Amino acid sequence: MLLEVDTIEDLMNSPLSEFITLAVNECIYSGPQITPVCQDVSPAFLNAKTGISREDNPGWHEAMSGDEAPQYWEAAKKEIATLEAINAWDVVNISSVPKGQRILKSLWTFKRKRSPSGVIKKWKGRLTARGDMQVEGVDFNEVWAPVCSWSTVRMMFTLQMVLGLASSSADVTCAFLHAPIDDEEVYLEMPRGFEQPGKCLKLKKSLYGLRQSPRNFFLYLAQRMEECEMRQSKHDPCLFIGDKVIAVCYVDDLLFWAKDPKDITELMVELRKKGLDLEKEDDCAGFLGVDVKVLESDENGRATKIELTQSGLIDRIIENLGLNSANVKHTPSKCEPLTRDDDGEPCQEDFNVAAVVGQLLYLAGHTRPDLAYSVNCVARYMFCPKRSHELALKQIGRYLKATRGKGMIITPSDNILSIEAFPDADFGGLYGHERGDDPACVKSRTGFVILAANCPILWKSQLQSKTALSTMEAEISALAHCCKELFPLIDLAKSLAAHFKLEPVESTMSVTIHEDNAAALILGNTLPPGYTPRSKFFHLETIWFREEIARRGINLVKVDTKEQLGDIFTKGLTQ
């Protein structure tokens, strides 16, 4: 059926109206109304009910008409001045643009930047390109760029305490704009507030919003690091190791460690000379919104106990859930598993479930492993939520309210080469709770935590991808998943220990996997191609990690169920 409409009103009065929701707040479009709906949909027409830090991320109209308009206008002028100073573009006549070449739309994004405690640090304006209008193979080719693993960051925090390393953080000003655009021609419309009739911009630098910008900048950064004799680690592409300094990069945020702080300063100066515009900050205390507090120090002033917290993010989660005046809970989830609840009540709250889950995933993955299980359960349904899932989110929020000031405490032992893993599984945990015609009802759950120097480095909670037919198979699958994460961490620890001359590495390396299932323990300690009678239908899948366990000299030992640290990642616990 072909439906012709001329106005938004006609569209909303048509039979399609029940399937359409338009949010036109902050809309900056001034052309024919039907065009953006049917031809070139603008993000301004697709604003969802995010409810997530909206006041910290205003649109153009909201920023320029609010109480903080002077600060945002100054931020916009500073952004344009910065881009012009680095020769980010040429202003050209629209008539000179090659025929068939698309002129991308520009978009202003504004942000209140806050410290981990939630205090406003500055107002930021960013001119971006509408990368969603680019065509793959025409406007860009490769786009992938890595970011550092937080297990690497936590490993370095642990090393910092064990060895008494100095640390410093830095931010790359206008990071993406350092990288040139060499292979494509990209044109951009004039930014709002700075228009020139008949003109557009021909980009010379990788503007924010372009699909290829993250990759271009990372390649640029890696090249500058190499020129300063910082070698890229083969275990983490965002870890760079020099003779005196180790650096980790997370897009445009960098962390540096060295025995002598002068070596960090010298490297930063050298990077600036190479063209990397670094803005030095303090130590690593506020890296990516994670607050690092020193709880205890020795007589030499070296930290021996630190706590990683994200109280500012917790406050925003509580506010977004509307729980500022609510009562608290002492567990993040109920003991019963969370189900799909297809026939349950629809959502009633104003907050966006997916957006809140995104915040919680960031929190659980960085400083709050106690949330891993409950957040993963809700995340499974974040795009088809019911009332029960909203209530599950609210329980997490109430628990966070009760534990707002809590975080992950790191108290390392003296041996960074002591690594322990605690894999666990919950066999068929959803069976009897989920609908019988749902394939997920018979899935088992994997949970594990990996410690280095007695400090949590990596943890995970998720459903297994295949259906286990026995408790043993579920435990073996969890063990296999844990080993996939464990082996690279072993290699990383070895390389860092060798760099700091913690020798002899091979003789002092101690890796232990704690397993509480007897059958899985027996199979794990059986050298391939041997296997146990009950594992003959799946043992081929286990050969790779059993070989590695034997080759690396890893101890696979029995642990009492009450001492299994991985247990909290597989099920909800009682108070």
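Here are the numbers for this structure:
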item: Highest-first arrangement of 452-462, 95-105, where packing means the average Cβ count within 10 Å; result: 452-462, 95-105
item: Residue-level accessible surface for Asp437, protein heavy atoms, 1.4 Å, Å²; result: 110
item: Per-pair calculated FRET efficiency, R0 = 35 Å: Glu184 and Thr526 via Cβ, rounded to 0.05; result: 0.05
item: Projected label distance in nm at Asp171 and Lys305, using a 7 Å step from Cα toward the beta-carbon; result: 3.2
item: Close Lys-Lys pairs in region 72-182, where close means Cα under 25 Å and separation is 8 or more or interchain; result: 19
item: Cα-projected label distance for Arg551 with Cys384, points at 7 Å along beta-carbon direction, nm; result: 4.2
item: Stretchable slack from Val143 to Ser470, in nm (0.36 nm times residue separation minus alpha-carbon distance); result: 113.5 nm
item: By accessible area with a 1.4 Å probe, ligands and nucleic acids excluded, highest first: order of Ser115, Ser444; result: Ser115, Ser444
item: 12 Å beta-carbon shell around Tyr362, net charge (K/R +1, D/E -1); result: +2
item: Accessible area of Val375 in the full protein assembly, 1.4 Å probe (Å², nearest 10); result: 0
item: Per residue value of the accessible surface for the chain (all protein chains in place, 1.4 Å probe), Å²; result: 48
item: Accessible area in the full protein assembly, largest first, 1.4 Å probe, for Val511, Val269; result: Val269, Val511
item: Length gained when the stretch Asp438-Trp73 is fully extended (0.36 nm per residue, less Cα-Cα span); result: 126.1 nm
item: Segment Ala81-Ser115, length gained on full extension (0.36 nm per residue, minus Cα span); result: 9.7 nm
item: Peptide ranges 393-400, 560-567 listed from the most packed, as the mean C-beta count within 10 angstrom indicates; result: 393-400, 560-567
item: Shape box of region 403-469 [Cα atoms, principal axes, largest first, Å]; result: 51, 31, 14
item: Counting DSSP beta bridges with both ends in the chain, the antiparallel % (nearest 5); result: 85
item: Heavy-atom accessible surface of the chain: percent carbon and sulfur, 1.4 Å; result: 50
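The values are calculated or read from the model by the stated rules, or taken from the named source; none is laboratory data. These numbers come from a predicted model, not from an experiment. Note that each Cβ is placed from the backbone with ideal geometry, even for glycine, and that neighbours are counted across all protein chains shown. What goes into the accessible areas is simple: the full protein's heavy atoms, side chains included, and nothing from ligands, DNA or RNA. Shrake-Rupley method; radii C 1.70, N 1.55, O 1.52, S 1.80 Å.
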